[in-house]
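Novice: First the structure, which I've put down as C-alpha cells, then a few questions once you've had a look.
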Amino acid sequence: MRRLGLAVLLLAAVAGSAAADPVVERDVVELSPVKGQHIGKLDIDNRLGDVRIEGDDRDVISIIAVKRAPDSETLERLKVSLVPDPSGPVTISTALLAGKEARPIPAGSVRIDLIIKAPRSAAVEARVWKGRIAIKGLDAGAELTAVDGDIDVEQVSGAVSTETNHGSHTFAQVFGAIDAHATEGDLDLDVVRGDRLAAVVHEGHVVGRRLRVKDISIRVTRGDVDIAGEALVGGHYQIASYWGNVQVRLARKIPMRIHAQARVGLVTLPTRFRRHDLDGGIVTGDTGTGHSPADLDLRTRVGIITVADF
Amino acid sequence: MRCADVERLVTEYVDGDLDERRSSALRGHLRVCAACAARVEDEVAVRETAGSLAPLEPPSDMWSAIDAKLAEAEIADARRSRIWLWWQRALDGVRRHPLPVGLCGAAACAVIAVWLVRGGEQSATHPHHQLAEVSPEVKPSTPSAPVESGDPCDTVATHDEQTLCQMQAADRRYLDAIAELTQVIAEERAGWPAAQAARFDAAVAELDRAAGDELKRLAVVPPPPAVAGRDPLYSIYQKKIDLLSRAAVGGSP
C-alpha cells in the first residue's frame, strides 16, 4: 500500500512537470510547383516569431515550422498556412486562431519560427512583428520588414529593401540596390556592390566596409557614419548626420569634388585636395582632373567630418 | 620666518611677485640661513638658464591638432545628456555659494539622520514587519514570471497584453522620432525659400491626414489586437520620417 502511494505521488509529479513545460511541435512541409511553372515569389507573414530563408538550387519550397505553446490545446491553435497561387506568389502565413474558451494565454508562451528553403531565383517578401529575419543565398532581391527585431541579409543579389522600427540591419555580400530604414538600430554593411545604397536611420550608427556603389545616400539623425570603400567615376555620395561624426575612407584616387559642412565641428581632408574654407563651416575641395568627377556631399550639424585615404 | 615659509614663497620671491614686507622678512632669513640662501640661488640660476634658451617653435600642425582635439572634446560635451548639464550647473552653484549650500547640505543630513533614527525606533516597536520580510513562508505572487530581459513588455501577464504593449512601444518610437525631427526642422526652416517651405508643409499635412484616417479606422477595430492591422499606419509614419529626415538632416526640404 505504501509502495502504491509512492508510485501515485511519482506519477503525479511527472505529470505536473510535463504540464509546466511548453509543448513544442516541428512540422515539415515541401511544395513543388506544377510542371512547367516555377516559383517566382515568396510572400511570408509571420507575426509570431523569426523567419529564416535560404536559397536552394532546387525549384522546391521546404518549410520547417517550429511551434511552441504552453499546452497542447493552445498548440492546436497555432497555424501555418501555405497558399500556392499558380499565377502569383506562394504565400506562407502564421496565425494564432481564436480559442473556444476565454482562458488567456500567458505572455511570451506562444511562438512560431519558420525555416524556409526556397529557389534562389524567387523574390522574397517577409514581415515579422517581434522577431528576426535572416535571408541568405537569394538572387532576386527581397523586401523585409521587422517591427521589433534584427534583419540579416547575406549573399543576396537584386534590390533589397529593409525596414525596422527597432533592430539592427546587417548586409554582407549584397550585389544590388539597397534601401534601408531604421528608426532605432545600427546598420552594418560589408562588401556591397551596386548602383544604389540609400539608408535613413533615426538613431543608430552606420558602418560600411568594402563598398563599391555608384550612388550612396545615408542620413542619420543621431549617430556616426563610417564608410570605407571605392568612389566611382560619376558617383554621387551624400552622407549626413545631424548629430554625429561623418568619416569617409576612400581606396581609389579618382577625380573628386567635395562639399562638406560641419556647422559645429571640423572638416579634415587629405592634403591632395585643393581646399577652400567658406563661411558657415563649409569646406569645398577637389582633386584630380577629368570628366565626371565623383561628388561627395558630407554634412553634420554637430560633429567632425573626416575624409581620408587608405 | 622659518625655512618652510621660504620654501613656500621662493617662487613668488624670484618672480618678483612677493610684497615688500614679506620680501624683507625673507631676505632677513636668508642672511642667517645658508641652506635657504643656497635654495634661492638655485632657483634664480634655473630661471636665468631658462630665460637664455632660444624660443622653441612648435610644429606647424600642432595648433590644428589641438584645435581638433578641442573640437572633439567640446562636441562630446555637447552630446551629453541634460542631466549632465544640470549636474554641472549644480556644481557651479556650489562653487559660487559654498556657505549657503554647505548649510543646506548639513541641514539635509540632519533631517535624514533624524528620520533614520526614528525609523529604527518604529521598526523596533513593530518586530513582525521584519519577520515577514525574512520568513521562508513568503513566496512571490507570480512564480512563473518571465525572466528579466529589460523589455517592459516581457513583464505583462497575457499574450494580448504583451501584444498591446509592443504596439504602444512601436507607436511611441515612431512618434518620438517624428517629434524630434519636427523640432529640428522648426530650428532650421528659417532659411528655407518660401515656396519650398510651402511644398514641404503640404506634404507633411497630407501624411498627417492619412495617419489620422488610419488611426480612426484602428480605433473601431475590436480586440484582440491584430499587429498586421498596423502595417498601413507604420508605413505612413515611415514616409513621414523619410520626408522630415530629408529636410532636417539632408538639408533639402
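Coordinate-derived values only; no laboratory data. Since this is a predicted model, take the numbers as computed values, not measurements. All Cβ positions, glycine included, derive from the backbone under ideal geometry; neighbour counts span all protein chains shown.
Novice: How many nm is it between the label spots at residue B:37 and residue A:139, if each spot is 7 Å from the Cα in line with the beta carbon?
Specialist: Calculated label separation equals 10.0 nm.
Novice: Please say if the stretch A:45-116 is rounded, prolate or oblate, where rounded means a/c under 1.5 for a ≥ b ≥ c the square roots of the C-alpha gyration tensor eigenvalues, and otherwise the choice is prolate for a/b larger than b/c and oblate otherwise? Numbers along the way, then the final one.
Specialist: Working: a/c = 3.11, a/b = 1.98, b/c = 1.57.
In terms of gyration-tensor shape, prolate.
Novice: Straight-line reach only, C-alpha to C-alpha below 13 angstrom: list the aspartates and glutamates that residue A:136 could link to, leaving out same-chain residues fewer than 8 apart.
Specialist: Reachable aspartates and glutamates: A:54, A:56, A:57, A:152, A:154.
Novice: Determine the gain in length on full extension of the stretch residue A:82-residue A:64; use 0.36 nm per residue of separation and subtract their C-alpha separation, reporting nm with one decimal.
Specialist: Values: separation 18, 0.36 × 18 = 6.48 nm, distance 1.19 nm.
That works out to 5.3 nm of additional length.
Novice: Let me ask you something else. Give me A:171, A:273, A:310 ranked fewest to most by other Cβ atoms within 10 Å of their Cβ, as a rough exposure proxy. It would help to have the intermediate numbers written out before the result.
Specialist: Numbers: A:171 24, A:273 17, A:310 7.
Ordered from fewest to most neighbouring Cβ atoms within 10 Å, A:171, A:273, A:310 come out as A:310, A:273, A:171.
Novice: Separate question: Taking only the alpha-carbon atoms of the stretch B:3-52, what semi-axes of the equivalent ellipsoid follow from 5 times the gyration tensor eigenvalues under a square root, in whole Å, largest first? Provide the component values of the computation, followed by the final result.
Specialist: Working: eigenvalues 64, 35, 13 Å².
Working from the Cα gyration tensor, I get semi-axes of 18, 13, 8 Å.
Novice: Quick one: if the Förster radius is 35 Å, what FRET efficiency do residue B:22 and residue B:49 give, using the C-beta to C-beta distance and rounding to 0.05?
Specialist: On the way: r = 26 Å, r/R0 = 0.74.
Between residue B:22 and residue B:49 the formula returns 0.85.
Novice: Further question on the same structure: Dividing the alpha-carbon radius of gyration of chain A by 2.2 N^0.38 Å (N being the number of residues), what value is obtained? List each step's numbers first, then the result.
Specialist: Working: Rg = 25.8 Å, N = 310, 2.2 N^0.38 = 19.5 Å.
That ratio works out to 1.33.
Novice: Nearest 10 degrees is fine. How inclined is helix A:2-20 to the longest principal axis of chain A, computing both from alpha carbons?
Specialist: 30
Novice: Which residues in the stretch A:230-253 have a backbone N closer than 14 Å to a point placed 7 Å from the Cα of residue A:272 along the Cα-to-Cβ line?
Specialist: In the stretch A:230-253, the label zone of residue A:272 (backbone N under 14 Å from the point 7 Å along Cα→Cβ) covers A:230-233, A:249-253.
Novice: Between residue B:12 and residue A:161, what is the label-to-label distance in nm when each label sits 7 Å out along the Cα-to-Cβ direction?
Specialist: 7.6
Novice: Using a Gaussian network model of chain A whose springs link C-alpha atoms within less than 10 Å, name the residue from A:252, A:103, A:132 with the highest mean-square fluctuation.
Specialist: Comparing A:252, A:103, A:132 in the GNM, the peak value goes to A:103.
Novice: Extent of the stretch B:152-248 along each principal axis, from alpha carbon coordinates, in Å, largest to smallest?
Specialist: 52, 26, 14
Novice: Using a cut-off of 19 Å between alpha-carbon atoms, which lysines can reach residue A:67, once sequence neighbours fewer than 8 places away in the same chain are excluded?
Specialist: List returned: A:79, A:117, A:130.
Novice: Using a 10 Å cut-off around each Cβ, can you sort A:203, A:30 from fewest to most neighbouring Cβ atoms?
Specialist: Values: A:203 20, A:30 12.
Exposure proxy ranking, most exposed first: A:30, A:203.
Novice: Rg to Rh ratio, the stretch A:107-156, alpha-carbon atoms and Kirkwood radius? Mind dumping the intermediate values first?
Specialist: Working: Rg = 11.8 Å, Rh = 11.8 Å.
Reported Rg/Rh, Kirkwood definition of Rh: 1.00.
Novice: Sort B:43, B:214 by Cβ crowding within 10 Å, fewest neighbours at the top.
Specialist: Values: B:43 15, B:214 19.
Least crowded to most crowded, the residues run B:43, B:214.
Novice: Let me ask another. Hey, which lysines would be in cross-link range of residue B:240, C-alpha to C-alpha under 21 Å, not counting anything within fewer than 8 residues on its own chain?
Specialist: Those lysines meeting the cut-off are B:216.
Novice: How big is D for the stretch A:168-310, in µm² s⁻¹ as a whole number, if Stokes-Einstein is applied with the Kirkwood radius of its Cα pairs at 10 °C and 1.306 mPa s?
Specialist: Working: Rh = 14.8 Å.
Diffusion coefficient, whole number: 107 µm²/s.
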